[in-house]
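Report on the structure given below.
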Amino acid sequence: MKCEYRKITDKGVKLENIGGREFLTIEPKVLTDLAETAFHDLEFYLRAEHLDEWGKIVDDKNASDNERFVCSSLIKNAIIASEGKLPLCQDTGTATIFAWRGERVLTGGDDEKLLTDGIAAAWKNNCLRYSQNAPITMFEEKNTGNNMPPQIDISFAKGDEYRFMFMAKGGGSANKTVMVQASKAILNEKSLEEFLREKIKGLGVAACPPYTLVVVVGGTSPELNLKTMKLASTGWYDELPTKGDGLGNPFRDLEWEKRVMKIAEETGWGAQFGGHHMALNARVIRMARHGGSCPISVGVSCSAHRNLAAVINKDGVFLEVTDKNPSRLLNKCLEGGVKADRIDLDKPMSEILAQLGEHMAGDMVLLNGTLIVARDMAHARIHDMVESGQPVPEYFKNHPVYYAGPARTPAGYAIGSFGPTTAQRMDGYMDYFMSRGASMVTLAKGNRADAVIKACKTYGGFYLGTIGGAAALIAAENIKKSEVIDFPEFGMEAVHRIEVKDMPAFIIYDNKGRSLY
């Protein structure tokens with residue numbers, strides 16, 4: 001992988017002659033410090049080329065107004081995150097490290113533990129979110145309270161260098177990974193294109209596009225296929241050859257990358273609220289396979305593209321350069337304010353529904369007033385309470401419900417980074433609560449099941465979408481107050497009452513059964 005590096009340090013790293021051979025020796029603390037620095041940087045800063053792609057969409061005359069607004073907001077989000085307090089995304093992810101340790105590299109310690117210590121420090125010392133749940137029984141879980149455990153995969157390689165790819169993978173994008181065990185029958189133009197059209201259309205927008213879209217065809221095992229897909233989403237395999245050598249080495253298929261981009265454009269999903277720019281770029285990798293199987297994976301890296309490469313060699317410790325001055329793109333941010341109807345969320349629900357009913361699916365509105373924040377665990381608990389004979393909480397009836405879970409709150413802020421979570425996970429509750437006069441207006445990200453459209457039409461409700469991937473922006477500019485009002489033991493999944501000002505939202509499904517998509 002070609003990239004620009006910055007030197008972190010040259011202390012604790014040196015070449016030593018041991019038994020007539022030169023070895024790179026690394027003091028244990030070097031690994032811990034590198035992991036902490038890497039995960040700090042990737043939570044708050046992006047690669048320059050990633051930011052530039054958003055700027056191109058803002059300038060694209062063929063982009064929809066909604067796409068331009070989304071990408072302008074993502075740039076603003078990056079500017080706020082670069083201050084180092086509010087991370088780019090509220091879902092600060094599962095910490096993942098892929099590493100390749102040269103056979104002439106000595107660390108004198110347990111590398112996995114040393115790297116884990118650095119990850120733990122990054123989550124402890126920054127306002128990130130603890131998202132990992134540990135099983136107690138098959139069905140009972142508890143949040144680990146430190147975002148542990150991580151995923152660490154260390155392989156051996158030739159030479160005297162230690163190379164790394166650090167990743168933070170959120171649930172929204174991870175959940176969109178598709179892997180199918182196909183066969184030789186799919187390896188023709190028509191079948192493969194039909195397969196990819198179905199799977200790419202099925203990705204929807206819940207994982208916060210515009211995406212880096214990856215397809216891997218082949219692999220000597222499903223595990224290798226998926227590992228390749230995950231690394232390809234970071235750019236790790238960008239330097240692969242572009243033609244097969246007949247010896248089993250993987251290659252990038254540039255023609256199919258163009259076709260995948262065309263398929264993504266034709267979905268109409270766009271950068272979340274309709275348009276052409278579902279993907280910023282695509283990677284299609286072809287691998288060797290067993291004659292009896294053909295694994296194919298499709299996956300994405302979301303707009304919070306959090307990956308950083310690093311290397312330790314005889315000259316020191318180096319980490320990939322990120323853009324710490326996204327304000328250079330401030331001229332790409334749409335100015336002049338947003339012209340949209342303001343919705344007073346502190347009015348009775350009947351009046352909120354009436355005001356929203358004056359609009360169509362696809363319209364943008366600005367939300368002002370009280371939102372109730374509840375997601376997976378809260379919905380499950382409230383459902384069980386009602387099933388046991390208890391009434392639906394009044395807050396679920398009187399206010400719109402925002403599906404979200406914040407990162408930890410920095411000093412001086414009302415809340416930590418607080419973007420929307422994937423709406424689809426709450427789809428099964430919609431008819432149940434709406435039929436009881438609750439959850440009549442919901443706010444989240446992504447497309448939902450047809451049953452939600454039906455419930456909105458049947459009970460006169462609405463589903464609104466706000467920008468996925470703009471968590472720092474929402475926390476800094478739109479949320480004015482926050483308090484926990486129920487289930488504090490759920491941590492970031494506790495029920496909050498928040499006060500918002502001019503929070504942008506698009507009507508995705510309206511009360512007449514109409515859909516933006």
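Applying 1/(1 + (r/R0)^6) with r as the Cβ-Cβ distance of Asp59 and His383 and R0 = 51 angstrom yields a FRET efficiency of 0.65. Here the alpha carbons of region 1-147 define both size measures, Rg and Dmax, at 20.1, 66 Å. Here each label is just a point 7 Å from Cα along the line to Cβ, and for Ile485 and Ala185 those points are 5.4 nm apart. Roughly what % antiparallel, to the nearest 5, for the DSSP beta bridges in region 92-168? Around 60 percent of the beta bridges assigned by DSSP in region 92-168 are antiparallel ones. Between Val321 and Glu22, residue separation times 0.36 nm minus the direct Cα-Cα distance comes to 104.7 nm. Global size of the chain: 23.7, 82 Å for Rg and Dmax (C-alpha atoms, Rg to one decimal, Dmax whole).
Note on region 134-286: Rg/Rh from Cα positions, Kirkwood definition for Rh, rounded to two decimals, is 1.00. Of all DSSP beta bridges confined to the chain, the antiparallel ones make up roughly 70%. Selection among His305, Gly416, Ile186 by position relative to the dipole of the chain gives Ile186 as farthest towards the positive end (Cβ unit charges, Cα centre). Taking every DSSP beta bridge that has both ends in region 362-517, the antiparallel portion is near 70%. For Lys454, a cut-off of 16 angstrom between C-alpha atoms picks up these lysines, skipping any fewer than 8 places away in its own chain: Lys512. Annotation: aspartates and glutamates with alpha-carbon distance below 20 angstrom to Lys142 (same-chain offsets under eight excluded): Asp91, Asp376, Asp384, Asp486, Glu489, Glu493.
Computed from the C-beta positions of Asp450 and Glu194, the FRET efficiency with R₀ = 25 Å rounds to 0.65. The GluC sites (Glu not before Pro) of region 206-282 that meet both conditions, a loop assignment by DSSP and at most 15 other Cβ atoms within 10 Å of the site Cβ, are Glu239. Quick one: of Lys76/Lys324; Lys56/Lys332; Lys176/Lys445; Lys184/Lys230; Lys85/Lys324; Lys124/Lys481, which pairs are farther than 18 Å apart, Cα to Cα? Beyond 18 Å between Cα atoms: Lys184/Lys230; Lys124/Lys481. Under 5 Å from the amide H of Ala206 lie the amide H atoms of Asn447, each residue being 5 or more positions distant or on a separate chain, with H modelled from the backbone and absent for Pro and chain starts.
Based on Cα atoms of region 253-370, Rg over Rh with Rh as the Kirkwood radius reads 1.13. Go ahead and collect, in residue order, the members of region 109-139 whose backbone nitrogen is under 19 Å from a label point 7 Å along the Cα-Cβ direction of Lys29. Counting backbone N atoms under 19 Å from the label point, the list is 109-122, 125. Ordering 504-514, 136-146, 304-314, 17-27 by mean Cβ neighbour count within 10 Å, with the highest value first, yields 304-314, 504-514, 17-27, 136-146.
Each label was represented as a point 7 Å from its Cα along the Cα-to-Cβ direction; for Phe156 and Asp52 these points are 4.0 nm apart. Applying a 4.7 Å Cβ-Cβ cutoff to the chain, the cysteines left without a disulfide-compatible partner are Cys3, Cys71, Cys89, Cys127, Cys294, Cys333, Cys456. Peptides 149-158, 32-41, ordered by how many other C-beta atoms sit within 10 Å of their residues on average, highest first, read 32-41, 149-158.
All of the numbers you see were taken from the coordinates with simple rules; none came from a lab. Owing to the predicted nature of the structure, the values given are computational and were not obtained by experimental measurement. When we count neighbours, we look across all protein chains shown, and the Cβ atoms used for this are built from the backbone with ideal geometry, even at glycine.
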